[in-house]
Amino acid sequence: MRGTELNLVGIESPGLTSAPAIAEIAVDMVKNHLTLTPDPAFNPVRPGMVDFFEELSAEEKADLIAQDPNYGEIICRCEKITKREVLDAIQNPLGARTLVSIKYRGRASMGRCQGGFCVPRIVRLLRDEFGWNPEDFLKRGKTSPMFVGNVRPKGGAA
């Protein structure tokens, strides 16, 4: 810990098995600088996720579609990812906000077309569901905008 900064980024897949132990060390380091009070409302149990929709039986798929029609709309044709699965990636506690984070959390655009089919659908979904503007869409982070400029004047055809 340097000053008031604690950096824990960059832990790759094998290191994730150490995450609970690393978290305990981090808490001990932070305790030296801040007064920590437990939150009695904190729930450490994450809700379970539905298995990948494509891997479910026909009956399980029908039940899910009856409960939530968003399971009935395929967004990523190659990986057979539904609208509900993309929405779950966006609405999870970490909140996927870039196309790459949606890809990593929900597998959309990982198929043979590499997003050629689903990225326009994901963009439309984010625009319609969350009111995003073209400048809000990022590939990987704040320095990687998906859309820059206009192809025609605002308000009408060129």
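The values are calculated or read from the model by the stated rules, or taken from the named source; none is laboratory data. Just so you know, these numbers come straight off a predicted model, no measurement behind them. Note that we place each Cβ from the backbone using ideal geometry, even for glycine, and neighbour counts take in every protein chain shown. We work out accessible area using only protein heavy atoms, side chains counted, and drop any ligands, DNA or RNA first. Shrake-Rupley method; radii C 1.70, N 1.55, O 1.52, S 1.80 Å.
When you filter the trypsin sites (Lys or Arg not before Pro) in the stretch 43-130 for DSSP loop state and at most 10 other Cβ atoms inside 10 Å of their Cβ, you are left with R112. Among the listed pairs K61/K142; K83/K139; K31/K142; K61/K139; K83/K142, a Cα-Cα separation exceeding 27 Å is found for K61/K142; K31/K142; K61/K139. Using a probe radius of 1.4 angstrom, the carbon and sulfur fraction of the accessible surface of the chain is 54%.
Taking 0.36 nm per residue of separation and subtracting the Cα-Cα distance, what length does fully extending K142 through Y104 add?
My answer for the length gained is 11.9 nm.
Which whole number in µm²/s is D for the chain by Stokes-Einstein, with the Kirkwood Rh taken over Cα pairs at 4 °C and 1.567 mPa s? Approximately 68 µm²/s, per Stokes-Einstein. Computed 3J(HN,Hα) for the stretch 125-132, one whole-Hz value per residue from the Karplus formula 6.51 cos²θ - 1.76 cosθ + 1.60 where θ = phi - 60°, is 4, 5, 4, 6, 6, 10, x, 5, glycine and proline marked x.
Taking amide hydrogens as placed 1.01 Å from N in the peptide plane, the amide H of I81 sits under 5 Å from those of I75, C76, each at least 5 positions away in sequence or on another chain. Of the residues F53, F147, F42, ranked by 1.4 Å probe accessible area with the largest first, the sequence reads F42, F147, F53.
Using R0 = 25 Å, the C-beta based FRET efficiency linking I22 and F52 works out to 0.30. Reducing the stretch 23-75 and the stretch 88-158 to their Cα centroids gives an inter-centroid distance of 22 Å. Take the stretch 57-142, drop everything but the C-alpha atoms, weight them equally and run the Debye formula without solvent; then report log10 I(q)/I(0) at 0.13, 0.15, 0.18, 0.24 Å⁻¹ to two decimals. The computed values of log10 I(q)/I(0) come out as -0.40, -0.53, -0.75, -1.23. Cysteine residues of the chain whose C-beta has no other cysteine C-beta under 4.7 angstrom: C78, C113. Taking 20 Å as the cut-off, the amide N atoms of the stretch 75-96 that come nearer than this to a point 7 Å along the Cα-to-beta-carbon line of Q67 belong to 75, 81-93.
Would you compute, from DSSP H runs of 4+ residues alone, the mean residue ellipticity of the chain at 222 nm, taking -39500 (n - 2.57) per run and dividing by the full residue count, rounded to the nearest 500? Display every interim value, and only then the final one.
Details: 5 runs with 53 residues, N = 158.
For the chain, the value works out to -10000 deg cm²/dmol.
Taking all Cα pairs closer than 8 Å and separated by 6 or more residues, the relative contact order of the chain comes to 12 percent.
Which far-off residues, 5 or more places away or on another chain, put their amide H under 5 Å from the one on L138, with H placed in the peptide plane? The list, which skips near neighbours in sequence, is L99, M146. Pairwise inverse Cα distances across the stretch 32-100, averaged and inverted, put the Kirkwood hydrodynamic radius at 14.6 Å. Taking the Cα centre of the chain as origin and assigning +1 to Lys and Arg Cβ atoms and -1 to Asp and Glu Cβ atoms, the resulting dipole is close to 940 debye. Per residue, the chain exposes an accessible area of 73 Å² to a 1.4 Å probe, with every protein chain left in place. Under 16 Å from a label point set 7 Å out along the Cα-to-Cβ vector of L6, the amide N atoms of the stretch 24-48 belong to 24-39. Computed over every Cα-Cα pair of the stretch 99-147 and binned at 5 Å starting from 0, the pair-distance distribution P(r) comes out as 5, 21, 30, 29, 13, 2 percent.
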